[in-house]
1. Just give me the residues in the stretch B:313-362 being closer than 27 Å to B:His209 by Cβ and among the β-branched types (Val, Ile, Thr), in sequence order.
2. Given the residues A:Gly232, A:Gly286, A:Gly268, A:Gly275, which is the only one that is on the phi > 0 side of the Ramachandran plot and not aromatic (Phe, Trp, Tyr)?
3. Which ones in the stretch A:236-254 are hydroxyl-bearing (Ser, Thr, Tyr) and over 19 Å from A:Ala199 (Cβ atoms)?
4. Criterion first (at pLDDT 95 or above, surrounded by fewer than 16 Cβ atoms within 10 Å (Cβ to Cβ) and not acidic (Asp, Glu)) does B:Pro55 satisfy it?
5. Do you know which residues across the stretch A:469-480 are in contact with a His (Cβ under 8 Å, 6 or more places away or on another chain) and either within 11 Å of chain B (Cβ to nearest Cβ) or under 14 Å from A:Asp182 (Cα atoms) (or both)?
6. Given the options B:Glu343, B:Glu313, name the one that is part of a helix (DSSP H, G or I), farther than 25 Å from B:Gly178 by Cα and of a type in the set (Asp, Glu).
7. Scan the stretch B:219-240 and tell me whether some residue there is of a type in the set (D, E, K, R) and buried (at least 24 other Cβ atoms within 10 Å of the Cβ).
8. For the stretch B:471-498: of the residues being of a type in the set (S, T, N, Q) and crowded, with 24+ Cβ neighbours inside 10 Å, which is farthest from A:Ala516 (Cα to Cα)?
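The values are calculated or read from the model by the stated rules, or taken from the named source; none is laboratory data. Not measured: the values here are computed from a predicted model. Glycine gets a Cβ as well: all are built from the backbone with ideal geometry, and neighbour counts include every protein chain shown.
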2 protein chains.
Amino acid sequence: MERLMVALAALLLTLSASGDLVSPYGSLWPLPHSLAISPEVYRLNRVTFQIVHSPESTASVGCSILDNAFRRYFYYIFGDAAGLGQTLDGTGSPDELGQLQVLLTASDPECTQHPRLTSSETYEITVSQPTATLKSENVWGALRGLETFSQLVYEDEYMTHLINKTEITDAPRFSHRGVLLDTSRHYLPVKVILETLDAMSFNKFNVFHWHIVDDPSFPYQSITFPELSAQGAYHPVTHIYTLKDVQAVIEYARERGIRVIPEFDTPGHTQSWKGQKNLLTPCYNGEKPSGTFGPINPALNTTYVFMKQLFKEISKVFPDAYIHLGGDEVNFECWKSNPTITEFMQNQGFGSDYRKLESFYVQSVLDIVTANLKGYMVWQEVFDNGVKLKPDTIIHVWKGGYQKQLADVTAAKFHALLSSPWYLNVISYGQDWRKIYQVEPYNFNGTIAQKKLVIGGEACLWGEYIDATNLASRLWPRASAVSERLWSREETNDLNDAYSRLTKHRCRMIRRGIPAEPLFVGYCDYEYQGCKEFN
Amino acid sequence: MERLMVALAALLLTLSASGDLVSPYGSLWPLPHSLAISPEVYRLNRVTFQIVHSPESTASVGCSILDNAFRRYFYYIFGDAAGLGQTLDGTGSPDELGQLQVLLTASDPECTQHPRLTSSETYEITVSQPTATLKSENVWGALRGLETFSQLVYEDEYMTHLINKTEITDAPRFSHRGVLLDTSRHYLPVKVILETLDAMSFNKFNVFHWHIVDDPSFPYQSITFPELSAQGAYHPVTHIYTLKDVQAVIEYARERGIRVIPEFDTPGHTQSWKGQKNLLTPCYNGEKPSGTFGPINPALNTTYVFMKQLFKEISKVFPDAYIHLGGDEVNFECWKSNPTITEFMQNQGFGSDYRKLESFYVQSVLDIVTANLKGYMVWQEVFDNGVKLKPDTIIHVWKGGYQKQLADVTAAKFHALLSSPWYLNVISYGQDWRKIYQVEPYNFNGTIAQKKLVIGGEACLWGEYIDATNLASRLWPRASAVSERLWSREETNDLNDAYSRLTKHRCRMIRRGIPAEPLFVGYCDYEYQGCKEFN
């Protein structure tokens, strides 16, 4: 029925059967930077195996972020081990591996802190009889190492849990590795966000970019301005995020080494901010207001009083050092129609350049955020329009031809974050993960100093066509392709090896409860079973 | 961040807010043929409302297919009513509707039978105080009417369950309205199939085309030839369909008025049939067998002995009057390489025309199936290649330019089934349901007699990129677009009206447990909650 596809299937299956496609790295994803797997193999005993703090560690029982992670990974290891997919000639009857000792070296292992852009995620793993060691500076590296250790464990056909003698030294290539979810175009229940955070940790993502409000709805329940969600959410009770919800998300993310960066996009994308009176610009039809509203009104003092209060709250609620301020896609038509704004433009000497008005507004908001001791991220238009920015501003590149955009942003000495090629809401038929995977962030004309200004990237899942029904299967394992590009070495780019590891990684995600979609024809030992019950 | 999409969002939301897009037909899907909804409104009382057999009905308690459906729809009505989305000016305090009486008129209401291609699905509904009536010839029409009745019930903002005084006369435009699932490229757990049958019944589909085996795997466990699945399934125990599984699917489908037509595609697409010795053609590399195998070997008598036994079993296991025999995409290269086949070609006087060999094989299989008193469906190549076919053969059109294909098939006086424009596994970004919806099966050059030979169509969900993780959200509500095209009148083709009804229909599917994906920006009163539990 499908000539081309069937031909492709035959090709891949043949390759697979021939064994050429089976990765020597098992199911590891993303691939560590340095890795030596020996054929010597050890058994793991479900009753006696322990993940424990090393006696030499600067952390100990009571460092709850690790205590919880030890327990979580114990379940993953003994509930969800993935097949390694290679024949392992064990050297005689295998010994037993008794423990994984986790050894933190920093004087402050950061047990109670939040992860930061500059947090070390470096770790080393030594698996050798009788005790494996995971060594890292702090809890963040330990969390990454625990994920890797769990991926090293596999079942043989007797379901014996095994691990090979292994040496790993690993650290991320980029320090900002994010996933953007959009909770405005469709509301996402908190549990869907938590599930995504779980899946992110399986892929070593470390930033949840929460595009929390936008034109269609305002689900964030502000303590200071409760009318924003009361009037702007799809439903004022069932389709909002309370303070408790937000805190639960932040803590769940923290426990997985994931930062939560909220985006409050202004002055455009604010149609749902109607709960705040006189905030949006009334559009005019000739002499009279048309009844519709445009972007935030930058000509009123009250706007900045409101923004100051709102961002003061946001700065407290979200502990991360950065806030994303949006600033994209401002439509000037409504501003042009409004006589108050025309007058303001004249008084300020902006002539008819509405980009100057936009810059005036954005500059004011940036100052407000700076006063709250927060750094900021903005979409690239803010840079494109020449707004004055602090040197440590992160410019989020989303437009096409990203090579030129990255070159421009870094030539101006700003930090850059890449998303243009990673709009995962956009779909096409077939294995589009390959294109996603082959993006190289350093592939632009620039000096070494410029390249260093690229701090990472984000997989964006805009919500026009996505809600709780299809989010997980749309995001995973396609976002996994982004995660390896941002974590692993530049040289890790063999599509066949990636295919072999990613198919196993996807099956592991399924065993851990994430309905990650298939890459192609095939099966998992343990298939996703759906959730509907039949009697 | 997404200029075009945001612009489109604004447009649609404005239209929606203006009320222009709200359908006068509420959430009905597919739209009945004749329909009058009055503003007079009745309440439904959860404690006392009953769905019962009418005293005049030829069916009564004990007709379990209806007894079960009454119970099922009671739950749907009181658990999952969808908003009607229109302001209803009730005429004073609304009366109560006490009952839905179901009145069957045929002397044999077919309580214990299986649905057939020629089964009547006609029904009439009269909703009027104090008792609503659903009238149909037999159980099949009653099942369709129960779905429609359940779609007429809605909640107001007080959650009072309401229904308007309504008159409906309805019957399907096409008698074969199918969904194809592919359980070979990925194995689908039985519960995923049952969930799909539920969703099909919500959309008045009446055929489950079970593409049960193909090249990648053979999950059907044959009683006569158990080695087929033992060697051909992805796993001989966990990735098979036992007789009990198949029977459960057939009965579950029957209870929803859905026929189950299995497809055993030969002579191509049979790489997984390796459990039967000497069935597949050994390919040669020059003088020697290459170790690979091609299509089924048509040159051996044993092939036909095997086929006779296999189809005897299949004919018993699957009660439907039709079997789909496939016959598509036969690759001649392996046959050409094989000396036994070359000799057979010479003996039969086929020259070098391998289409004649294919026809010889297909003809033999058709004769076998006919001897089992079954009708058959075949993919269009069998027709294209000039195989002699019984007059009632159904030709399944799947190639592009379907207008010409339909014209050719019906000009030759064969029945035609359309799938070319409805390969729902193929995806693109955006609202592709619109293109799916706008297909008109009669849009080809042909006489009225030719048009009558088009018995319907099927939405096909080939399994290269689909398994239990993404099946439901990929299929629904996109397949709903096919269901309305095949059920409703040709004139039912207003995209705005369809959008309004389909968004509500999708929210209703979610309340009934089907994770149907969103059409666009917006929300459901009751969002899908995912299935992972968090403590």
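1. Residues satisfying the conditions are B:Ile314, B:Val317, B:Ile323, B:Val330, B:Val362.
2. One residue alone meets the criteria, A:Gly286.
3. A:Thr238, A:Tyr241, A:Thr242 - these are the residues of the stretch A:236-254 that are hydroxyl-bearing (Ser, Thr, Tyr) and over 19 Å from A:Ala199 (Cβ atoms).
4. For B:Pro55, the condition - at pLDDT 95 or above, surrounded by fewer than 16 Cβ atoms within 10 Å (Cβ to Cβ) and not acidic (Asp, Glu) - is met.
5. Correct list: A:Pro477 only.
6. None of the others qualify; the one that does is B:Glu343.
7. no
8. Applying the filter and picking the extreme gives B:Ser483.
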